[in-house]
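Participant: One structure, pasted below without further comment.
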Amino acid sequence: MLKANIAVLVSGGGTNLQALIDAEKSGIISNGSITLVVSNNANAYALERAKNAGIKSRVVLKSALGSQEAFENELIRVIDDAKIDIIVLAGFMSILSAKFTKHYENKIINVHPSLIPSFCGKGFYGLKVHEAALAYGVKVSGATVHFVNEIPDGGKIIMQKAVEIKDGDTPEILQKRIMEEAEWKILPLSCEKICSQIVKEKK
Ligand code: GAR
């Protein structure tokens with residue numbers, strides 16, 4: 001069966017990568033296959049997850065390459081070498097330039113741990129997003145999957161899911177609830193949606 005080749009870009013723990021791997025195993029993702037994991041952090045636990053699932057991984061370090069441009073050129077080389085159809089940013093903590101995002105227009109998706117347009121954009125990543133939501137006092141937060149363009153967290157929204165904020169929540173507790181109830185669900189579903197469109201176009 002014709003499938004879209006998925007590359008997942010990671011930086012840390014990789015629980016969203018794991019959700020994608022599990023979704024491919026269970027058939028939630030049926031039109032795509034994760035064929036490459038790229039990390040910009042050599043110590044990312046996500047690399048272990050890729051290894052355990054038998055998925056090829058690459059580490060691309062900005063520090064070793066010297067500039068954002070050289071870093072992105074290397075990412076492009078690694079991704080194009082693997083004949084990738086869709087790039088999933090799953091906890092990838094590096095903002096990509098317009099040159100990179102234009103190279104893969106409508107081919108990059110990202111999961112963000114809030115309901116965009118709240119608590120998003122430059123500086124809002126990881127726990128900082130949940131700290132800001134709790135400091136503001138919102139009663140509902142959630143997650144968003146969106147296309148990636150040159151504006152951080154500014155591309156077209158694919159899916160969103162709301163998650164209740166409870167009394168006594170800390171950033172860590174809220175992060176975990178948003179991952180479990182929203183991110184790990186809507187990221188695989190969004191990925192499958194885009195993969196099925198890519199497969200239709202390929203036929
Ligand atoms: C996730 O909550 C993801 O939404 C967030 O980082 C975490 C990565 O966790 N991403 C961002 O904040 C991007 N702006 P993971 O490595 O366990 O998937």
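Participant: For a quick size check, give me the Cα extents of the chain along its three principal axes, largest first, whole Å.
Facilitator: 48, 40, 32
Participant: Which FRET efficiency value, to the nearest 0.05, do you get for LYS25 and LYS56 by plugging their Cβ-Cβ distance into 1/(1 + (r/R0)^6) with R0 = 25 Å?
Facilitator: Working from the Cβ atoms, E equals 0.90.
Participant: Same structure again: Could you work out how far helix 184-202 tilts from the main Cα principal axis of the chain, as a 0 to 90 degree angle to the nearest 10?
Facilitator: 30
Participant: Between LYS176 and LYS122, what FRET efficiency follows from the Cβ-Cβ distance if R0 is 25 Å, with the result rounded to 0.05?
Facilitator: Approximately 0.55, to the nearest 0.05.
Participant: Please identify every one of the GluC sites (Glu not before Pro) in the range 130-203 that sits in a loop by DSSP and has no more than 15 other beta carbons within 10 Å of its own beta carbon.
Facilitator: Listed in order of number, the matching sites are GLU150.
Participant: Round to the nearest 10 and give me the degree value, 0 to 90, for the angle of helix 127-136's Cα axis relative to the longest principal axis of the chain.
Facilitator: 30
Participant: Here's something else I'd like to know. First check a/c for the range 4-109, with a ≥ b ≥ c the square roots of the eigenvalues of its C-alpha gyration tensor; if it is under 1.5, answer rounded, and if not, answer prolate when a/b is larger than b/c or oblate otherwise.
Facilitator: Oblate.
Participant: Moving to a separate point now. The range 1-102: which trypsin sites (Lys or Arg not before Pro) are DSSP loop and have at most 15 other beta-carbon atoms within 10 angstrom?
Facilitator: Qualifying residues, ordered by number: LYS56, LYS83.
Participant: Continuing with the same structure: Using all alpha carbons of the range 1-52, what is the percent of pairwise distances in each 5 Å bin, ordered from the shortest bin to the longest?
Facilitator: Here the calculated profile for the range 1-52 is 5, 21, 31, 23, 12, 6, 1.
Participant: For the chain, what is the calculated [θ] at 222 nm in deg cm²/dmol (nearest 500), taking -39500 (n - 2.57) for each run of four or more DSSP H residues and dividing by its residue count?
Facilitator: Roughly -12000 deg cm²/dmol at 222 nm, from the helical runs in the chain.
Participant: Relative to the longest principal axis of the C-alpha atoms of the chain, give the angle of the C-alpha long axis of helix 68-81, reported between 0 and 90° and rounded to the nearest 10°.
Facilitator: 60
Values in this text are rule-based calculations from the coordinates and carry no lab data. Note that the structure is predicted; figures quoted are calculated from it, not measured. Virtual Cβ from ideal backbone geometry, glycine too; neighbours counted across all protein chains shown.
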